[in-house]
Protein chains: 2
Amino acid sequence: MRKITIDDVAALAEVSIKTVSRVINREPNVRKTTRQKVLEAARQLDYWPNVAARGLAGKNSYLIGLVYDNPSPSYLANLQTGVLETCRESGYGMVLYSLDSQKSNLIAQTDELIIQSRVSGLILTPPLSDNMELVQHLVAQNFAHALVSPPAFGETKFDGPVIMLDDRLAVFEMTNYLIKAGHRRIGFIKGHPQHSAGLRRFIGYCDALNAAGLAVDDQIIAQGYYSFDSGLSATQKILSANPRPTALFSTNDDMAAAAMHTALDMGLKVPDDLSVVGFDDTPLSRYIWPPMTTVRQPIRDMGHKAAEKLITYIHEPKKGQQIVMPFELKIRSSSAPLI
Amino acid sequence: MRKITIDDVAALAEVSIKTVSRVINREPNVRKTTRQKVLEAARQLDYWPNVAARGLAGKNSYLIGLVYDNPSPSYLANLQTGVLETCRESGYGMVLYSLDSQKSNLIAQTDELIIQSRVSGLILTPPLSDNMELVQHLVAQNFAHALVSPPAFGETKFDGPVIMLDDRLAVFEMTNYLIKAGHRRIGFIKGHPQHSAGLRRFIGYCDALNAAGLAVDDQIIAQGYYSFDSGLSATQKILSANPRPTALFSTNDDMAAAAMHTALDMGLKVPDDLSVVGFDDTPLSRYIWPPMTTVRQPIRDMGHKAAEKLITYIHEPKKGQQIVMPFELKIRSSSAPLI
DNA sequence: AAGGAAATTGACAGCGCTGTCATTTATGTT
DNA sequence: AACATAAATGACAGCGCTGTCAATTTCCTT
């Protein structure tokens, strides 16, 4: 289990270490036959470059950072798994950072993180990807970063990789499903005000209602903060409206679970008395009873894409990489046609 | 935002870079006044050592790896948060690895991981910490590693840091709680056969039953694999026993949620007809309805401890570091006294 | 106060790689 | 075939730190 260095490969392939370096880094100006020879030698020795040495000598640290602020465990677990898988394939390492988007020193924290960890790029997840000040700061520094679910395009001058879901359309379709099922009074728990995705979801809801000629009624709309507890109080408000809604759309699963709790505590049956739908398709949505209707976003794949595009961007920054991921309506038993 | 190097600090403190290095690394043989001078200079310049350079020059990469195999998202999220926090404080980086403990090349995978990533130590989580072959391999190589929830001590010759919970006692106490509540027939869903913690939990259950003079009945014991789906079929077996148990202990929360599903699908009320208790205190246990009685393990703190002890061990390996973490019974509404 | 041991400090090489620039080799042109 | 030009390769310095070992200073003895 001895460490193989670039010198070993160079010796075996009978070239200089610089040429091996060129091949490893996919640099141009290497004859095809030479490249083959080097590749073969590397394979034979099972050579793997020393990341520390690369980081020291070059500018690229082969490290990317995934930064988050208080996400749900399953969102984080899925996203990071995706990022990790892609990193591994590309010879990159991933480091995790937890940042507090509320703190005033967010920018300073980020700078420190970049300096200390020597990451070559950052993947920002909501609500950090929503923080225009932060994003602009990175843009200004010309620091590579990918944004997951950032605010609608155009609002920012950012032009690096962006991974998003058509939140508006997803909610539009899900709301339509409820309307088609006969529901006329559909409550809505908004997402965290700092998450732009929450706003887009709300717009989708309003659009669907408008398209069906239904009124948007503030009485059955409440502010949520993505936490279970915020879902509890939001639902209390909505269910105390008169007349009571027959369906309730929550912008994430945790709050939808809270809605089901509250309904059950009030003696209402789900879905008989109240249809509840969520957003995210976390494991919870399947484990709860009755299993919850929700919108699935391909979070792991979003991690793949984010890492892939970021790494490409690190090697050669080019603009306008915007990826829209597909969603899927998961109709389960917490929602039903109105009788 | 210029990079500060060790030379800057040395110049400001008017000492050689080697002395700065000594101070940074807490080496002995530095005069107190010198140490102060260096520390002050470092603070003033906001100096942070370059990890890549340290890794290249020395043997310690200041990187530790957290390896896991298919854990639940919230277990992973909590543990890694704990590890991360401690790493940050100690100037270490954390890398994550997903390994497949079923695959025959597990050892080879691990070696590759160690070589490629240059980690200085590994934290193994179940079921990897249960894999004696893997642990012995690391021991043989004299490679630093911490074990989270490994098999009972004594079965192994390992003598590095070990973080564990008294699983047997936790289940013993929880079972006692059920017995005190009047339950005489208590079903049990076993944990994954490859997790030794599952075995210890089962022993705790048997011990409590025996202590109360109750028989252990195979009819109401089923094998589970920690997944929701495995909980479904396990519960089906247990609830079809005659007479039906009045309480059901599941070795984790996901399976307990499945038990509640199955019970509800069968028209049984929880907790009126069946008390259900879980293990782990995942968010799910609180979000489900009715909120679930469960055993809380301080997973995040276990991450702290594991990282802390591992880092200490990397600097000076000394034996017999065994930490037993406290647990807590969380009595909620999925369990009730037998009427 | 001289001599020796112990504590403290520094000079210097080198970890494994990449960037720069010089050198060699292949290709095209007339 | 001689030359210009482009492509391919290599020599060498140096990234920021630690390990080794030698030089210096301090502290005890007597």
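Read-outs: derived from the displayed coordinates by stated rules, not from any lab. Everything numeric in this text was worked out from a predicted model, so none of it was measured. Cβ: placed from backbone, ideal geometry, glycine included. Neighbour counts: every protein chain shown.
List of remarks:
- Under 19 Å from the Cα of A:K37 - aspartates and glutamates, other chains or at least 8 residues apart: A:D7, A:D8, A:E14, A:E27, A:D46
- In this structure the amide hydrogen of A:M325, modeled in the peptide plane, comes within under 5 Å of the amide hydrogens of A:M164, A:L165, A:D166, none closer than 5 places in sequence on its chain.
- Summarising the strand pairing of the protein assembly as shown, around 10 percent of its internal DSSP beta bridges are antiparallel.
- Overall form of segment A:167-297 per C-alpha gyration tensor (a/c, 1.5; a/b vs b/c): rounded
- Karplus-derived 3J(HN,Hα) values for segment B:47-53, using 6.51 cos²θ - 1.76 cosθ + 1.60 with θ = phi - 60°, are 7, 10, x, 7, 4, 4, 5 Hz; glycine and proline are entered as x.
- Positive-end extreme of charge dipole, segment B:167-296 - chosen from B:I238, B:H195, B:A263 (charges on Cβ): B:I238
- Calculated mean residue ellipticity, 222 nm, chain A: -14000 deg cm²/dmol, from DSSP H runs (n ≥ 4) at -39500 (n - 2.57) each, averaged per residue and rounded to 500.
- Average other protein chain Cβ within 10 Å of Cβ, residues B:48-54: 6
- Segment B:116-146 and segment B:247-285 have Cα centres separated by 35 Å.
- Under 26 Å from A:K103, Cα to Cα: lysines that are on another chain or at least 8 residues apart: A:K157, A:K190, B:K3
- Dipole magnitude for the protein assembly as shown: computed about the Cα centre from +1 point charges on Lys and Arg Cβ and -1 point charges on Asp and Glu Cβ, it is near 1280 debye.
- Most fluctuating residue given options B:K18, B:K319, B:K237, as computed from a GNM of chain B linking Cα atoms under 10 Å: B:K18
- Least to most buried among B:I4, B:I221 (fewest other Cβ within 10 Å first): B:I4, B:I221
- Rounded to 5, the percent of DSSP beta bridges in segment B:167-296 classed as antiparallel: 0 percent
- Where N is the number of residues in chain A, Cα Rg divided by 2.2 N^0.38 Å: 1.22
- Antiparallel beta bridges, as assigned by DSSP with both residues in chain A, represent about 10 percent of the total such bridges.
- Legend: mean number of C-beta atoms from other chains within 10 angstrom of residue C-beta atoms, peptide B:284-293, equals 5.
- Set of segment A:296-323 residues, backbone N closer than 14 Å to the point 7 Å along the Cα-Cβ line of A:L329: A:296
- Contact order, relative form, for segment B:6-49: 43 percent (alpha carbon pairs under 8 Å, 6 or more residues apart, mean separation divided by residue count).
- FRET efficiency, B:K269 to A:D100 (Cβ-Cβ, R0 45 Å, nearest 0.05): 0.55
- Taking amide H atoms as placed 1.01 Å from N in the peptide plane, the amide H of A:V295 lies under 5 Å from those of A:G278, A:F279, A:D280, A:D281, A:K330, each 5 or more residues away in sequence or on another chain.
- In segment A:85-225, the alpha-carbon atoms span a convex hull of 133 Å³ per residue.
- Measuring nothing but how far apart in sequence close Cα pairs (under 8 Å, 6+ apart) lie, relative to its length, chain A scores a relative contact order of 17 percent.
- Each label was represented as a point 7 Å from its Cα along the Cα-to-Cβ direction; for B:K18 and B:A181 these points are 6.8 nm apart.
- Mean shadow area of segment A:6-49, taken as a quarter of the surface of its Cα convex hull (nm²): 2.5 nm²
- Charge dipole (debye, nearest 20) of segment B:45-111; +1 at Cβ of Lys and Arg, -1 at Cβ of Asp and Glu: 160 debye
- Charge-dipole axis of the protein assembly as shown as Lys and Arg at +1 and Asp and Glu at -1 on Cβ define it, positive-most pick from A:L12, B:Q322, A:Q141: A:L12
- If only the Cβ of Lys and Arg carry +1 and only the Cβ of Asp and Glu carry -1, the dipole of segment B:296-339 around its Cα centre is close to 80 debye.
- For the protein assembly as shown, the alpha-carbon radius of gyration amounts to 1.06 times the rule-of-thumb value 2.2 N^0.38 Å expected for a compact globular protein.
- When the Cα atoms of segment B:1-158 are aligned to their principal axes, the ranges along those axes come out at 56, 31, 27 Å in descending order.
- Sequence-separation-based contact order of segment A:144-265, relative, with Cα cut under 8 Å and 6+ spacing, percent: 26 percent
- Placing a label point 7 Å from Cα along the Cα-to-Cβ axis, A:K269 is separated from the same position in the other copies by 1.4 nm, shortest listed first.
- Net charge, A:G191 excluded, C-beta distance under 14 Å - Lys, Arg +1, Asp, Glu -1: -1
- For A:A146, the amide hydrogen comes within under 5 Å of the amide hydrogens of A:L122, A:I123, A:L124, counting only partners 5 or more places away or on other chains and with H modelled in the peptide plane.
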